[in-house]
Every structure is written in structure tokens, then in C-alpha cells.
Amino acid sequence: MAEVESFNDFIRGKTIFVTGATGFVGKVFVEKILRVQPEIKRLYLLIRAPNSDLATQRLHNKVFGKELFKVLKEKWGADFRCFISDKVVAVAGDVSLQNLGIKDKNMFNQMLKELDIIVHTAATTNFNERYDVAMSTNTMGAFHIVSFAKNCHKIEIVLHLSTAYVCGEAEGVILEKPLHGDQMKKGSAKLDIKLEKQLIEDKLTELRMHETNEEEIKSVMKSFGLARANVHGWPNTYVFTKAMGEMILMKMKGTLPFIIIRPTMIISTQFEPFPGWIEGFRTIDVIVFHYVNGTMKSLVGIGETILDVIPVDMVVNFMIAASMAISKGLSKNLVYHVGSSLRNPFTLNDLVDDMYYYFTKYPFVDEYGKTIVVTKKLTISSHVVIKIEDFLKPFSMFKG
């Protein structure tokens, strides 16, 4: 109870700015703040929209309209909308743009005066994203957040949500150390972010000069991103552009009170606000979905492979705890890893066993009301050409 009270005291009366509030982790963070400390001063949420009316509409549809907020709605009852209107402000903008794309100058200036905490969770997490899109959001988004934070009058904490896999495919114990541009994953060429941006511009110019259609441009830019990531030693465009975002933060942060949180594979809630909430397909959920629907009978891999998973509510709780520790001077770490494989390893065998025992006890009912009965475990084999460890490589065991 003392820890909860300490956290409540920490954010009471604070003004917090969250990017990526419509995303998975962003939603859970917003819900937690509003549920445990209704006495925050204000919560500004950056919503990708052209104007404030559409931003507010999207906020209610994409955030507060979700089942995740049912506990908060039950707590406030008929006063829920009034509570949200009093505490939450939808800010129309986009992290990929200068000044975060905020066109409302009065709101922009007000935020610079009021903000105590910035939580930057906005990202595109698609492994195979277009290089230009991933660069704009994951890399330049970090640049724009730092530029904005440096103009805030009384900022206490700037938290950047990254991913453990910015560390590439290194093996063994990965230390909680910042990334810098001269840290190459492979090869001898120095990673130059300005050069990467120029390469993107040159590629787009070339494609448009040849009157390439948009579908082909999309395909080429996806392949280009993967190729550039592989050149420098990262497995996909997502983690490569997130790594460059971290490098920009470290180069620009100066005296800003920055912390970087690097979670591993994020899965559904374990406890808060209730067990099992998730949105969309996330990492191992694809396997669970196809197994329970009977469309996957076997899978290629090694049963002892460790899947480093972490519930999203644990990630959010750690974000809060780390912010408080930095603010109170209890820690000076810049980087924190959030994973499970070191102390509580979860293997592919565990996943197969858990799926079988859960769905035999609680049979799955599909959208048509049909009960799907699970009769046997998923078979794991290591004797097929395409191996599951290649599919799971970006999520393999991570120690920090």
C-alpha cells in the first residue's frame, strides 16, 4: 500500500503528456493513471488528427470506447464523461511532424508552461513497415519529442518507450546501456542517420520520376527498409528505426531528465485493470489464434526456445516506478530492460502445454457461437525447412 500511496502522491496535481495514446501500451498507461489517481491536474493526449474535433472523436472511439476502461466507467458511473472532459485534453497532432504537428498555438504554449511529465509511446510496430514511414514515426518522432521537451518550462521526466530488440541479434547478457551512432551491429560503415534520411528521399524521388504507382512504391520502400536494417545488423525495419530513435535521444538530450524503457514481447494484461485484455494480434497471439481455431496442427521449432514475454500491465507499472525513482533521485539509470526470461523463463513447450490445458478446460466459442473442441496438443518439430525460431528470432531470449 505504501508504494501505491507514494505513486499517488507523485502524480497528484501533475500535468502529463502522452503520445501514442491510441496504441496498446498507451491505452493501458492512460487507464492506469486515471484509475489510480483522479487528482492529476491534466492529461494531454496526442491524437493523430487534422483538428481538435476529430481528435476528440477519435479519442472517444479508439481509447475510451474500449473494454479496457470498463472498470473506470463502473467507478464513475454517470459521471464518467464529465470526469474525462475535466481531466483529459485531446491534442490534434503527429509525432512525425515539426512541433509534433500541433497547430493550435494557444494549446501548444499552454502545454509548454504546464507539463511535468512526457510519456512517449507513439510508434509504428510493424516489422515490415515502409522505411519512410518507420523513419518518420520511430526515429524522427524521437527527435521531435526531444525538441519539444527542451522548450518545456518545468519538465520533470521524459520517458521514451523503446523495445529490447534495439540491441539487435546480440547473444548473452545485454547490458542496460544507451545506444550511440558509432555502435555498429556489423560491418565497418558508420551508421549515419542523416544519410539514411537522404537515401529515403533519393529512393522516393527515383520512384516518382519513373511514375511508379503507389502500391509498387509501398512494396519497394518496405524492401528498402529491410535491406538497410540488415546492412547495419538489425533484423527488421521496426527495431532498426527504434534504435536510431534512441541514438537521437542520447545525442540531443543534454540535461533533460530522460529515461528509456525497453520491454521484450508485450502480451495481455495479467491483473490490471482485469486479466486478459489485449488488442489485435500481438507476437505469440498468432500461434494461439490458429491453434484454437484448428488451423494449426503443428509448428516447427525447438521446444526449449525461450519466448521472452511480459504482460502489458507490468510494463506500465515499471514505467511509473522508474519515472518516480528518477524524479526522487533514487536512480540514475538511463535505460531499463523489462522482460521475464532471466528470472521466469517461458518456453515454446510451456506455450504449447498452456494452450492445451486452458482450451480443454475453457473451450473456445467462435463468432458464430460454435464451440471448438481441442483434442490434442500442438506438435513441435525441428525437421522442416522453415524453422519457427527464424520466425521468433526477434523475440528470442533476452537477458538484461
Run the numbers for E176 and F359: contour at 0.36 nm per residue of separation, minus the present Cα-Cα distance, in nm. 62.1 nm
Output the antiparallel fraction of DSSP beta bridges having both residues in the chain, as a percent to the nearest 5. 10 percent
Roughly how big is region 80-208's charge dipole about its Cα centre, with Cβ charges of +1 (Lys, Arg) and -1 (Asp, Glu), in debye to the nearest 20? 280 debye
Give, as a single signed number, the net charge of other residues whose beta carbon lies under 15 Å from the beta carbon of V220, with Lys and Arg counted +1 and Asp and Glu -1. -3
Violations at 21 Å Cα threshold for listed pairs K73/K361; K197/K242; K73/K103; K197/K251; K32/K150 -> K73/K361; K73/K103; K32/K150
Heavy-atom surface of region 86-236, accessible at 1.4 Å and reported per residue (Å²): 49 Å²
Hey, got the dipole for region 197-245? About the Cα centre, +1 on K and R Cβ, -1 on D and E Cβ, debye to the nearest 20? 320 debye
Label region 214-276 by shape, choosing from rounded, prolate and oblate, from the square roots a ≥ b ≥ c of the eigenvalues of the Cα gyration tensor; if a/c is under 1.5 it is rounded, and otherwise prolate applies when a/b is larger than b/c, oblate when it is not. oblate
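Quick one: pull the percent of accessible area on region 309-369 belonging to carbon and sulfur, 1.4 Å probe, ligands and nucleic acids left out.
Percent of accessible area from carbon and sulfur atoms in region 309-369: 54.
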Most to least accessible of I310, I302, I326 (protein chains only, probe 1.4 Å): I302, I326, I310
Note, region 140-152: 3J(HN,Hα) by Karplus (6.51, -1.76, 1.60, θ = phi - 60°), whole Hz, Gly/Pro = x, goes 6, x, 5, 4, 5, 5, 4, 4, 5, 4, 5, 9, 6
Heavy atoms only, probe 1.4 Å: what % of the accessible area of region 46-87 goes to carbon and sulfur, would you let me know? 47 percent
Of all chymotrypsin sites (Phe, Trp or Tyr not before Pro) in region 268-297, which ones are in loop regions per DSSP and have a Cβ with at most 12 other Cβ atoms within 10 Å? F271, F281
Taking the Cα centre of the chain as origin, work out the dipole magnitude from +1 charges on Lys and Arg Cβ and -1 charges on Asp and Glu Cβ, in debye rounded to 20. 640 debye
Restrict the search to region 122-221; then list the trypsin sites (Lys or Arg not before Pro) that DSSP places in a loop and that have at most 11 other Cβ atoms within 10 Å of their Cβ. K154, K190
Tally Lys and Arg at +1 and Asp and Glu at -1 over the other residues with C-beta under 10 Å from the C-beta of F346: what net charge comes out? -3
Per residue, how much accessible surface does region 262-374 expose to a 1.4 Å probe? Answer in Å², no decimals. 51 Å²
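With n ≥ 4 as the cut-off for DSSP H runs, can you work out [θ] at 222 nm for the chain, using -39500 (n - 2.57) per run divided by the number of residues, rounded to the nearest 500?
Here the helix-only value at 222 nm equals -12500 deg cm²/dmol.
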Which of the aspartates and glutamates could a cross-linker bridge to K253, judged by Cα under 14 Å and excluding same-chain residues fewer than eight apart? E156
If you build a Gaussian network model of the chain, linking Cα atoms that sit under 10 Å apart, which residue out of V166, V91, V374 swings the most? V374
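The values are calculated or read from the model by the stated rules, or taken from the named source; none is laboratory data. What you see is a predicted model; the values in this text were computed from it and never measured. Virtual Cβ from ideal backbone geometry, glycine too; neighbours counted across all protein chains shown. Just so you know, the surface numbers come from the protein's heavy atoms only, side chains and all, with ligands and any DNA or RNA stripped out. Shrake-Rupley method; radii C 1.70, N 1.55, O 1.52, S 1.80 Å.
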